[in-house]
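The values are calculated or read from the model by the stated rules, or taken from the named source; none is laboratory data. Quantities reported herein were computed from a predicted structural model and do not represent experimental measurements. With ideal geometry, Cβ positions are generated from the backbone for all residues, glycine too; neighbour counts draw on all protein chains shown. Remember, those area values only see protein heavy atoms, side chains included, never the ligands or the DNA or RNA. Shrake-Rupley method; radii C 1.70, N 1.55, O 1.52, S 1.80 Å.
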Amino acid sequence: MNTALNQRRRRLEIAQLQADPHVDLLVVGGGITGVGIALDAALRGLSVALVEKHDLAFGTSRFSSKLAHGGLRYLAKGEVDIAYHSAYERRLIMERTAPHLVRPLAQVTPLIDGLNLEQKALTRLGYLAGDVLRTSARTRHGTLPRAHYVSPARARRLCPQMNTAGLKGAWVNYDGQMIDDARFVVAVARTAAGAGAKILTYCSAEGARGNGATVVDHEGGAQFWVNARAVINATGVWAASLDNTISIRPARGTHLVFSAQLFGNPTGALTVPLPGSLSRYLFILPADKGRCYLGLTDEDQPGPIPDVPATPAADVDFLLKNIAYALKRPVRRQDILGAFTGLRPLIANADNPGEDSTADLSRKHATVFADSGLVSIVGGKFTEYRLMAEQALDATLKFHNLPPGQCRTRDFGLVGSPTHPQTRTVSHKDLFDLPDSLVARFGREAARVVEDATIANPLGKVAGLDLTRAEIQFALTHEGALTVADILERRTRLSLVPTEAAAARAEVTDIFTEVMGE
């Protein structure tokens, strides 16, 4: 079971496809939905090729809030089915498939003067409903504790820089937090590769139909037709580029990046209602590498869809203005270390295609069948990626009269998890002497990251940052990175703070040159 993704494997598998251009399933798109479909199909015994125009997690999948949501927001909208499925999928991720990549996070809503009585009451009711969801999904208390009240002193310890004016304690709820969303996508892709899927980045699919597509290799220049018994379009917000009958309503979500020190190194996520709203919340999330993320906007993004959305000044102003009441000291523009903006692929309301707010649009996913036989999966949420993959694949196989096979993804651990075949024999003792941050990012594969390194000083920190040199080499030899940008932007997420990326670029480039021989 070879889970390593690298340049050598990519070239070999492209050559294999050219020599025998026949697969059971061609997946277009290397975000969380696409790699989830590739994994499910490969575990069912299908021959699978996935092509991605850019890098893994290049689009929306790397710009999420990095939470494995339990579905509270959907209950408020009356979308009970989405809420339940989110809670159920969160349990599978945290207890079976990826407990090394998602951990419990305390969401802290302080009872302060800035909240009115209705907001306080609805927050409490929402958190109680979250307990019902957690219980109905059979999530263990040890995985996610019950929501509860905490004293003012405890609330301040969780979120030291919260506003304490009129503080009467806080409601605390627990949700799942990813170590990183792009890292999650890479783990799914590598697990799919270990099951036999061909994962081909920097390859686009042109003229995609139900029986195949022309694959263009943007690295080597090759161009060839791949025959497939079925083709799934999993390009998210760009789905209409392959099927122009699909109507996507992109919703822009912006986060700002700060130093965690600015907020007193919180261990909980300050979570407060948007002023004047009973259904929308803002939050400050503690994150990897000593950061905090402030989010989230939910705005229309009309016009052409860019590869990487810019962060509008209006989004920055919105976040800074509306979080101010919940903090001891308002944060300012000069405090911002970076920003990231993603586009959610929401399904447009057929009755009112442009009238509803994007915040009011459903997060449901749908499988769409084109006259050409192409199948597209659109909408949905990151947490439900496995369910989306299962349902889209079931529908695709039925549509093309192919054997359904048995879905195995409910229990099959991702690489690095205690239940993955490569790492289930690794014990905690094997990880004892490794940096905590390395274990947090790689789980039970952390020792392999260091053992497989051939560069000097593998545990040395890159530019003094919370990142080892071995991780840079591993990104190239095992995680499919083909460029320095792949490493800085998606494998390490250093580019979320441009000054950190600039400080590390020279050393990362040196390691890249040594490992790749370029």
- Query: Which one of the conditions (1) at pLDDT below 95; (2) open to solvent by 10 Å² or more (accessible area, probe 1.4 Å) does R386 fail to meet, given that it meets all the rest?
  - Reply: (1)
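Can you go through L56, L46 and tell me which one is farther than 20 Å from D243 by Cβ, surrounded by fewer than 24 Cβ atoms within 10 Å (Cβ to Cβ) and aliphatic (A, V, I, L, M)? Explain how you work it out, then say what you get.
Working: L56 fails: surrounded by fewer than 24 Cβ atoms within 10 Å (Cβ to Cβ).
Every option except L46 fails the conditions.
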- Report the residue count in region 469-515 for those that are part of a loop (DSSP other than H, G, I, E, B) and either in contact with a Phe, Trp or Tyr (Cβ under 6 Å, 6 or more places away or on another chain) or among the hydroxyl-bearing types (S, T, Y) (or both). 2
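Here is a check on your reading of the model: is T135 at pLDDT below 95, under 17 Å from D113 (Cβ atoms) and among the hydroxyl-bearing types (S, T, Y)? Explain how you work it out, then say what you get.
On the way: at pLDDT below 95: yes; under 17 Å from D113 (Cβ atoms): no; among the hydroxyl-bearing types (S, T, Y): yes.
Against the criterion (at pLDDT below 95, under 17 Å from D113 (Cβ atoms) and among the hydroxyl-bearing types (S, T, Y)), T135 does not qualify.
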- Query: Among (1) in a helix (DSSP H, G or I); (2) open to solvent by less than 60 Å² (accessible area, probe 1.4 Å), where does D243 come up short?
  - Reply: (1)
- Item | Pairs with Cβ under 6 Å, 6+ apart, first in region 504-518 and under 17 Å from R10 (Cα atoms) and at pLDDT 95 or above, second of a type in the set (S, T, N, Q) and surrounded by 14 or more Cβ atoms within 10 Å (Cβ to Cβ) | V515/Q473
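Scan region 156-178 and give yes if some residue there is closer than 30 Å to P418 by Cα, of a type in the set (D, E) and out of contact with any strand residue (DSSP E or B) (no Cβ under 6 Å at 6 or more places or on another chain), otherwise no. Outline the logic, then answer.
Filtering region 156-178 for residues closer than 30 Å to P418 by Cα gives 158, 172-178.
Restricting the remaining residues to those that are of a type in the set (D, E) gives 175.
Now restrict to residues that are out of contact with any strand residue (DSSP E or B) (no Cβ under 6 Å at 6 or more places or on another chain): none.
So far as region 156-178 goes, no, none of its residues is closer than 30 Å to P418 by Cα, of a type in the set (D, E) and out of contact with any strand residue (DSSP E or B) (no Cβ under 6 Å at 6 or more places or on another chain).
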- Item | Enumeration of residues in region 195-240 that are touching a residue at least 12 places away in the same chain (Cβ under 8 Å) and assigned to a helix (DSSP H, G or I) | G236, V237, W238, A239
- Task: Restricting attention to region 448-493, report how many residues are in contact (Cβ under 8 Å) with a residue 40 or more places away in the chain, open to solvent by less than 20 Å² (accessible area, probe 1.4 Å) and closer than 17 Å to P435 by Cβ.
- Result: 7
- Message: Can you list residue pairs whose Cβ atoms sit under 8 Å apart, with the first residue in region 163-185 being farther than 14 Å from L270 by Cα and the second being of a type in the set (F, W, Y) and outside any helix (DSSP H, G or I)? Count only pairs 6 or more apart in sequence or on different chains.
- Response: D181/F63
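Does Q223 fit the bill of being open to solvent by 10 Å² or more (accessible area, probe 1.4 Å) and more than 26 Å from the chain's Cα centre (by Cα)? Explain how you work it out, then say what you get.
Details: open to solvent by 10 Å² or more (accessible area, probe 1.4 Å): yes; more than 26 Å from the chain's Cα centre (by Cα): yes.
Yes: the conditions hold for Q223.
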- Filter region 104-118 for residues that are charged (D, E, K, R) and either in contact with a helix residue (DSSP H, G or I) (Cβ under 8 Å, 6 or more places away or on another chain) or assigned to a loop (DSSP other than H, G, I, E, B) (or both) and give the result. D113
- Message: Of all residues being within 17 Å of A395 (Cα to Cα) and not in a strand (DSSP E or B) in region 22-34, which is most open to solvent (accessible area, probe 1.4 Å)? Just the residue, please.
- Response: T33
- In region 174-194, which residues are within 15 Å of A440 (Cα to Cα) and assigned to a strand (DSSP E or B)? G176, Q177, M178
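Rundown of residues vs (1) hydroxyl-bearing (S, T, Y); (2) open to solvent by 60 Å² or more (accessible area, probe 1.4 Å), yes/no style:
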{"position": "S259", "(1), (2)": "yes, no"}
{"position": "G264", "(1), (2)": "no, no"}
{"position": "A269", "(1), (2)": "no, no"}
{"position": "P286", "(1), (2)": "no, no"}
{"position": "P302", "(1), (2)": "no, yes"}
{"position": "A314", "(1), (2)": "no, yes"}
- Message: Quick check on region 72-101: of everything there that is in contact with a Lys or Arg (Cβ under 8 Å, 6 or more places away or on another chain) and not in a helix (DSSP H, G or I), which residue is surrounded by the fewest Cβ atoms within 10 Å (Cβ to Cβ)?
- Response: E79
